[in-house]
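Novice: Sharing a structure here in structure tokens format.
The values are calculated or read from the model by the stated rules, or taken from the named source; none is laboratory data. All figures in this text were calculated on a predicted structure; none of them were measured in a lab. Backbone-built Cβ (ideal geometry, glycine too); neighbour counts: all protein chains shown.
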Amino acid sequence: MHPRFAIVGMMLLSISQLVGQSPSPDLQSAKQLLGMASNQEWKAIQDVAKSAKDPMKRLFSGYLLYRSNPNKFGSIFTRSLPDTELAISRFIGLNQSIPYSAEWQNNEFRHPKVKWAIGFEPIFEAYLEKVKTGDTEALRRLLMLQGRGDGHYAEEIASGIAELFYDPEFVITHWNLLEPHKIFLRAVKNWVSETEFLAIRKGFEERLNPGDPRLPLILNLLDNPE
């Protein structure tokens with residue numbers, strides 16, 4: 001499990017354990033789609049990704065398609081990412097929505113014949129990977145998650161977004177979307193080593209002209225951590 005999500009694993013004892021388990025539509029969707037993936041039914045999964053009304057079913061199918069072939073199905077995955085209030089709430093609350101069981105362990109569901117699990121953590125990791133390829137639409141949707149969810153999930157999402165600011169080229173290229181979130185630059189110095197920090201700082205200096213008004217703004221934020 002990725003260390004960013006270690007604390008999430010402590011949340012397995014959910015309220016659902018106290019009040020009794022009930023069928024979870026998200027777990028049923030995960031089972032169905034992983035079963036289809038185990039049988040290589042990619043055309044059927046594409047149909048689900050394009051036509052399913054349930055946002056989690058679309059997300060699960062888009063995610064599995066992306067993991068199976070990132071180049072071929074990258075755009076389908078991007079379109080499946082949450083971008084409405086309902087979809088965002090469902091995604092952030094995914095782990096809590098599924099009652100704890102032998103099937104749902106470590107906040108994910110697996111199929112013995114499929115190497116990709118379904119859960120908040122593995123999907124969010126794929127989400128970040130897609131964003132880091134330079135997918136502007138995926139980035140726009142990722143930034144919609146900022147400040148959402150409870151303390152734990154808000155922290156994990158913020159940590160993922162903060163990673164984007166370690167890459168000067170990415171930040172400059174996507175400045176129009178990242179500028180409203182530029183406060184993350186103040187955290188960089190505290191989250192990376194001194195060598196990494198100096199390399200990041202130098203990266204901005206090398207890529208921006210001295211007269212570019214973004215340069216002093218970015219350097220000031222980098223040099224004055226919270």
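Novice: Filter the stretch 183-205 down to residues that are touching a residue at least 12 places away in the same chain (Cβ under 8 Å) and among the acidic types (Asp, Glu) and give me whichever is nearest to Glu163 (Cα to Cα). Spell out how you get there, then give the answer.
Specialist: Going through the stretch 183-205, the residues touching a residue at least 12 places away in the same chain (Cβ under 8 Å) turn out to be 183-192, 196-197, 200-201, 203-205.
If we keep only those that are among the acidic types (Asp, Glu) as well, we get 196, 205.
Numbers: Glu196: 12, Glu205: 19 Å.
Residue satisfying both the conditions and the ranking: Glu196.
Novice: What number of residues in the stretch 144-157 are assigned to a helix (DSSP H, G or I) and surrounded by fewer than 16 Cβ atoms within 10 Å (Cβ to Cβ)?
Specialist: The first filter runs over the stretch 144-157 and keeps only residues assigned to a helix (DSSP H, G or I), leaving 151-157.
Next, only the ones that are surrounded by fewer than 16 Cβ atoms within 10 Å (Cβ to Cβ) stay: 151-152, 154-155.
Looking only at that region, the number is 4.
Novice: Out of the residues in the stretch 189-226 that are surrounded by 13 or more Cβ atoms within 10 Å (Cβ to Cβ) and at pLDDT below 95, state the one that is farthest from Ser159 (Cα to Cα).
Specialist: Pro225
Novice: Provide a single number: the residues in the stretch 45-76 that are touching a helix residue (DSSP H, G or I) at 6+ places or on another chain (Cβ under 8 Å) and over 19 Å from Lys115 (Cα atoms).
Specialist: Residues meeting the conditions: 9.
Novice: Condition check: among the charged types (D, E, K, R), surrounded by 15 or more Cβ atoms within 10 Å (Cβ to Cβ) and assigned to a strand (DSSP E or B). Does Arg110 satisfy that? Spell out the reasoning first.
Specialist: Numbers: among the charged types (D, E, K, R): yes; surrounded by 15 or more Cβ atoms within 10 Å (Cβ to Cβ): yes; assigned to a strand (DSSP E or B): yes.
For Arg110, the condition - among the charged types (D, E, K, R), surrounded by 15 or more Cβ atoms within 10 Å (Cβ to Cβ) and assigned to a strand (DSSP E or B) - is met.
Novice: Also, I was wondering about something else. Check Ser29, Ser16, Ser22 and return the single one that is part of a helix (DSSP H, G or I) and either in contact with a Pro (Cβ under 9 Å, 6 or more places away or on another chain) or at pLDDT below 50 (or both).
Specialist: After applying the criteria, what remains is Ser16.
Novice: Within the stretch 41-87, how many residues turn out to be surrounded by 21 or more Cβ atoms within 10 Å (Cβ to Cβ) and either not assigned by TED's automatic domain parsing to the domain that holds Ala117 or not in a helix (DSSP H, G or I) (or both)?
Specialist: Within the stretch 41-87, residues that are surrounded by 21 or more Cβ atoms within 10 Å (Cβ to Cβ) and either not assigned by TED's automatic domain parsing to the domain that holds Ala117 or not in a helix (DSSP H, G or I) (or both) number 2.
Novice: Same structure again: In contact with a helix residue (DSSP H, G or I) (Cβ under 8 Å, 6 or more places away or on another chain), not assigned by TED's automatic domain parsing to the domain that holds Asn224 and not aromatic (Phe, Trp, Tyr): which single residue out of Gly203, Gly147 fits that description?
Specialist: Details: Gly203 fails: not assigned by TED's automatic domain parsing to the domain that holds Asn224.
Answer to the check: Gly147.
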